[in-house]
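Since the structure comes first, as structure tokens, the remarks are kept for the end.
The values are calculated or read from the model by the stated rules, or taken from the named source; none is laboratory data. Since this is a predicted model, take the numbers as computed values, not measurements. Positions of Cβ are generated from backbone atoms using ideal geometry, with glycine treated the same way; all protein chains shown enter the neighbour counts.
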Amino acid sequence: MRRRILVLALLVYAACLLQSTVFGYIEILRIRPNLLLVLAVTISLIRANMEAAFMGLVCGLAMDTLIGRTLGWYGMCLFLVCFAIGMINSKLYKENPLIPIFFVFVSSLTVELMYYFINFFLRGYQDFGFVLTGIILPESLYNSVLTLFVYPLVLQLYKKLDKYNFVHTRL
Amino acid sequence: MRRLFGNKLFIISLVLVLLFVLAAMTASENSKLNVIRNVISVPLKPLQTGINAIGGKIKDVVNYFKDIRTTKAENAELKLKIREMERELEKVHRLEKENENLKKLLSFKEQYTQEIIACNIISKDAGNWFEIFTIDRGSKDGIEVDDPVINADGLVGRVSRVDLLSSKVISIIDTESSVSARLSKTRDLVILRGDAQLRTQGLCRLDYITPDVEVSVGDKVETSGLNSLYPKGIMIGEVIQVVKNEGQFDYYAIVKPSVDFRRLEEVAVIKTAVEGEGDNE
């Protein structure tokens with residue numbers, strides 16, 4: 001268990017590092033993908049709901065810290081979304097590579113819309129059209145592309161972890 | 001099963017309540033609870049600095065060949081400029097002396113003492129929502145919330161959160177930022193704000209300009225020094241477009257900051273200390 005927590009913490013740190021540095025170089029049209037979101041969603045696709053929810057919470061809070069504003073909003077959005085995915089993931093046919101891509105796309109849309117709603121809409125900013133087409137949609141698409149690389153890696157990592165822990169990944 | 005579900009629901013609501021409390025407590029920039037950011041920011045800082053240095057090296061190599069072509073022409077141009085500037089500098093020195101003498105004559109007191117801390121940017125905004133970047137100095141180096149940040153071209157922003165080894169700087173083009181500014185030509189006071197749409201192009205806007213204020217394209221904008229956050233007279237940018245809406249009392253203008261936010265690499269934090277009252281006789 002201890003080893004497991006250590007590995008997952010390192011995973012989140014690595015994701016933070018990539019998100020804050022390397023991803024600055026791969027921005028397209030000033031939009032960068034959200035690796036922590038992709039990570040949280042892919043983990044919640046292969047783990048049971050409570051663990052999924054807490055990994056979402058951790059990734060979200062890490063994202064909040066990286067951004068440098070109020071702590072907790074990304075944490076909350078990802079916590080709820082990952083819990084929901086964790087509830088239904090046992091019914092999914094996960095051999096299909098389109099499933100993670102679809103889930104990352106939909107949850108990116110959901111999380112970013114929630115974030116926009118909390119941080120901008122409720123404070124009186126109303127360029128919804130621009131935000132949707134200029135920020136949220138491109139980011140969700142970019143996130144989906146990123147899933148192609150992240151999902152197999154996370155899957156491998158969890159398989160390795162299970163070997164040591166005898167806890168079975170839901171596959 | 002039912003009990004388990006009830007249990008889960010309880011955990012979820014508990015976490016949500018805790019998150020709301022956390023958000024409420026950390027919303028203020030000076031909040032003590034902001035120390036928990038250090039859990040992430042302290043271990044990341046050396047690695048970020050390293051990666052950033054490597055990235056810079058790679059960029060240099062890529063740009064090397066491109067640069068060689070443009071260097072010659074630029075060199076000639078710069079030499080001309082230097083000559084011009086030297087001439088102007090002489091003038092400035094003369095004026096400075098004169099200014100000093102006059103101030104002495106008036107026994108005018110300098111309002112602030114300033115100390116400048118040079119910083120490197122180690123990471124740009126991690127999400128897509130804000131224009132906040134991370135610099136490699138923190139509370140250990142004496143940086144505090146609300147310290148103004150500049151570079152050689154002009155005003156960059158202010159420090160918004162301070163961690164132990166790094167801090168966050170919110171730039172003037174962020175939607176949350178507003179600066180009390182002054183038009184250099186007419187000395188009119190205006191408010192400079194970030195805009196959700198303009199920020200993606202590196203621009204910002206002058207808001208709520210009343211009809212009696214004359215703004216035209218090409219006007220320079222500088223800080224007013226009125227809200228005591230930013231020192232007076234720092235260059236901000238230049239008006240590139242004036243937008244007047246039919247039937248609206250006030251109008252706005254679009255400003256291109258003199259700082260290029262996309263290519264920002266080094267900045268300086270100004271530590272201003274109001275000269276102690278003990279100095280007054």
**OP:** Could you please find all residues in segment B:139-173 being crowded, with 21+ Cβ neighbours inside 10 Å, farther than 24 Å from residue B:203 by Cβ and of a type in the set (Val, Ile, Thr)?
**Re:** B:143, B:162
Original post:
Which of (1) more than 30 Å from residue A:17 (Cβ to Cβ); (2) away from chain A (no Cβ under 14 Å) is the odd one out, the single condition residue B:8 does not satisfy?
Top reply: (2)
Original post:
Since residue A:20 meets every condition but one in (1) more than 8 Å from chain B (Cβ to nearest Cβ); (2) among the polar types (S, T, N, Q); (3) touching a strand residue (DSSP E or B) at 6+ places or on another chain (Cβ under 6 Å), which condition does it not meet?
Top reply: (1)
Original post:
If you check residue B:121 against the conditions, is it in a strand (DSSP E or B) and touching a Phe, Trp or Tyr at 6+ places or on another chain (Cβ under 7 Å)?
Top reply: yes
**OP:** Identify all residues within segment B:37-51 that are closer than 24 Å to residue A:60 by Cα and either more than 7 Å from chain A (Cβ to nearest Cβ) or of a type outside the set (A, V, I, L, M) (or both); write none if there are none.
**Re:** B:37, B:38, B:39, B:41, B:42, B:43, B:45, B:46, B:48, B:49
Original post:
Pairs under 8 Å by beta carbon, first residue within 7 Å of chain A (Cβ to nearest Cβ) and of a type in the set (Ser, Thr, Tyr) in segment B:112-133, partner in a strand (DSSP E or B) and surrounded by 16 or more Cβ atoms within 10 Å (Cβ to Cβ), six or more apart or different chains?
Top reply: B:123/B:133; B:123/B:134
**OP:** Could you pull out every one of the helices (runs of 4 or more DSSP H) wholly within segment A:69-147 that has 1 or more residues that are over 16 Å from the mean Cα position of the chain (by Cα) and crowded, with 18+ Cβ neighbours inside 10 Å?
**Re:** A:98-119, A:128-131
Subject >> Residue list for segment A:43-58, restricted to those being in a helix (DSSP H, G or I) and within 11 Å of another protein chain (Cβ to nearest Cβ) >> reply: A:49, A:50, A:53, A:54, A:56, A:57, A:58
Subject >> Selection from segment A:55-67 of residues that are over 14 Å from residue B:22 (Cα atoms) and in contact (Cβ under 8 Å) with a residue 12 or more places away in the chain >> reply: A:55, A:56, A:59, A:63, A:66
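Yes/no per residue for (1) in contact with a strand residue (DSSP E or B) (Cβ under 6 Å, 6 or more places away or on another chain); (2) within 14 Å of another protein chain (Cβ to nearest Cβ); (3) within 25 Å of residue B:130 (Cα to Cα):
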site	(1), (2), (3)
B:165	no, yes, yes
B:170	yes, yes, yes
B:178	yes, yes, yes
B:181	yes, no, yes
B:205	yes, yes, yes
B:210	no, no, no
B:234	yes, no, yes
Original post:
Which of the residues spanning segment A:23-42 are closer than 24 Å to residue A:89 by Cα, at the interface with chain B (Cβ under 7 Å from one of its Cβ atoms) and in a helix (DSSP H, G or I)?
Top reply: none
Subject >> Every pair of residues 6+ apart whose Cβ atoms lie under 7 Å, when the first sits in segment A:101-125 and is within 13 Å of chain B (Cβ to nearest Cβ) and farther than 20 Å from residue A:84 by Cα while the second is surrounded by 17 or more Cβ atoms within 10 Å (Cβ to Cβ) and polar (S, T, N, Q) >> reply: A:125/B:175
**OP:** Could you tell me which numbered condition residue B:114 fails, if it satisfies all but one of (1) closer than 24 Å to residue B:162 by Cβ; (2) in contact with a Ser or Thr (Cβ under 8 Å, 6 or more places away or on another chain); (3) in a helix (DSSP H, G or I)?
**Re:** (3)
Subject >> Verdict on residue B:61 being within 14 Å of chain A (Cβ to nearest Cβ), more than 23 Å from the chain's Cα centre (by Cα), surrounded by 12 or more Cβ atoms within 10 Å (Cβ to Cβ) and modelled with pLDDT of 85 or more >> reply: no
**OP:** Could you check, for segment B:141-156, whether at least one of its residues is without any contact (Cβ under 8 Å) to a residue 60 or more places away in the chain and assigned to a strand (DSSP E or B)?
**Re:** no
**OP:** Output the number of residues of segment B:41-85 satisfying the condition of being more than 27 Å from residue B:125 (Cα to Cα) and of a type in the set (S, T, N, Q).
**Re:** 3
